[in-house]
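Inspection log for the structure reproduced underneath, given as C-alpha cells.
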Amino acid sequence: MYSLDIAAITNTGLYRRRNEDSLLVGRDVLACVSLTEPKAWRVDSYPVILAVADGIGGSVAGDIASREVLICLARPPCPDREETLHDLIHAAQTHLDHLVETRPDLDGLGTTLAGVLALHDRIIIFSCGDSRVYMSMPGDEALQCMTKDHSVVQDMIETGRLTEKEARSHPLGHIITSCLSGGRRRSLLDIRMSTHPIQKGTRLVLCTDGVWDYGGELFLKAALRGDPTSATQEILSICYDAGAPDNITLIIADVE
C-alpha cells in the first residue's frame, strides 16, 4: 500500500477580479476562495480523485462551472475504473445542462478539467481543456507532461504549422477546443485518459494554465524541489513574480 502526501493552493492572482479556478482533493472542494498558503492532506484510502478546474475566460460564470463540476466528482461513490470515471465526468456535464435549465442566464458556462484517479495499484490521468497533469517517476530529472491540451495552438503544433516556442506567444494561445459546458452553446466534450503504474517516489503535479503558462521553466524546476508544501509555496511566488495575470491553482502529490 502507498499513501499520498498532498499540498494544494488556489489563488486569484494579481489581475483577475475573482478566482474562477477550483480544486478537488478527495471530497474536499476548494472554490471561490483565494489562499495565500498551501493546504495539506495525507491520503491512504482509495479510490480517490485529485483534480483542478479552470472556469473558461470570456464565458459566463466560470467560477460556478468549475465549482459545480468538482462537486459532482466529489460525491460518493468514487469511481474505481476508467469506465465509471468516464460516466462520472459526463454526468458532471449533464449537471451543467440542468443548471442552465433553471438559470438560462448561465447558458454557455464552461470549465476545463484535469485530474488523477488514484486506485490501489495504478492511477488514471484524465483531462479536458488546457489544464494539465505532470508526473515524475523515481530517477527522473524532469517533469513529464502527461496530458495533451485541447487548444488551437496544440492543433497547430501537431500539424506542423507552429513550433513549441512560437506557441508560447501566439495570440490564439488560450482558445480551447474542448471543455465541460452546459446549455445550447455547449462545447465538444472530449475526455482524454491514460493509465499508469503507481510506485513510491512518484510526484504528481496538477495545475491550471495560470501556473504552467506564466510559471514556465521556473515552475517546472520548482515543482521538483522540496516537499509538496514548500514546492507549492515557491511556485505561487514564481507566478506572482511573473505578474500573476491569471488565476493560480496547483496540486502536488508525492507517492510514499
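Between T147 and residues 5 or more places away or on another chain, which pairs have amide H atoms under 5 Å apart, with H built 1.01 Å from N, and which residues are they?
Hits under the 5 Å cutoff: V133.
Per DSSP H run of at least 4 residues, take -39500 (n - 2.57); add these up for the chain, divide by its residues and hand me the 222 nm value, nearest 500 deg cm²/dmol.
Rounded to the nearest 500, the figure is -9000 deg cm²/dmol.
Starting at the first residue of segment 83-90, write each ³J(HN,Hα) from the Karplus equation 6.51 cos²θ - 1.76 cosθ + 1.60 with θ = phi - 60°, in whole Hz, x for Gly and Pro.
Taking θ as phi minus 60°, the curve returns 5, 6, 5, 4, 4, 5, 5, 5 Hz for segment 83-90.
Compute the length gained on full extension between R122 and R192: take 0.36 nm times their separation in residues and subtract their Cα-Cα distance, giving the result in nm to one decimal.
23.5 nm is the gain from fully extending R122 to R192.
What is the set of long-range amide H partners of S3 at a cut-off below 5 Å, with H atoms built 1.01 Å from backbone N?
E256
Looking at the chain, identify the longest residue range that excludes and avoids all trypsin sites (Lys or Arg not before Pro) in DSSP loops having at most 16 other Cβ atoms within 10 Å.
82-147
What residues qualify as long-range amide H neighbours of D21, i.e. H under 5 Å apart, gap of 5 or more or another chain, H built at 1.01 Å from N?
Under 5 Å from the amide H of D21 lie the amide H atoms of G55, each far enough along the sequence or on another chain.
May I ask for the Rg/Rh ratio of the chain, computed from Cα atoms with Rh as the Kirkwood radius, given to two decimals?
Rg divided by Rh gives 0.94.
Expected output is a single nm value to one decimal: the length gained when fully extending between V43 and R225, i.e. 0.36 nm times separation in residues minus the C-alpha distance. What is it?
The V43-R225 span can extend by a further 63.4 nm.
Stick to the Cα atoms of segment 197-256, pair each with every other, and give me the Kirkwood hydrodynamic radius in Å at one decimal.
11.6
Please state the shape class of segment 10-130: rounded when a/c is under 1.5, otherwise prolate if a/b exceeds b/c and oblate if not, all from the C-alpha gyration tensor.
It is oblate, given that a/c is not under 1.5 and a/b is not larger than b/c.
Using the Karplus equation 6.51 cos²θ - 1.76 cosθ + 1.60 (θ = phi - 60°), what ³J(HN,Hα) coupling, rounded to whole Hz, does each residue of segment 101-116 give in order, writing x for Gly and Pro?
4, 8, 9, x, 5, 8, 3, x, 4, x, 7, 7, 7, 8, x, 9
Sticking with the crude label model, points 7 Å out along Cα→Cβ, report the distance from E217 to I175 in nm, one decimal please.
Result for the modelled spin labels: 2.9 nm.
Please list, in order along segment 223-231, the HN-Hα scalar couplings obtained from phi with the Karplus expression 6.51 cos²θ - 1.76 cosθ + 1.60 (θ = phi - 60°), rounded to whole Hz, x for Gly and Pro.
5, 9, 9, x, 7, x, 5, 5, 5
FYI, it's all coordinate maths here, none of it is from the lab. If you're wondering where the values come from, they're calculated on a predicted model, not measured in any experiment. Note: ideal-geometry Cβ built from the backbone for every residue, glycine included; neighbour counts use all protein chains shown.
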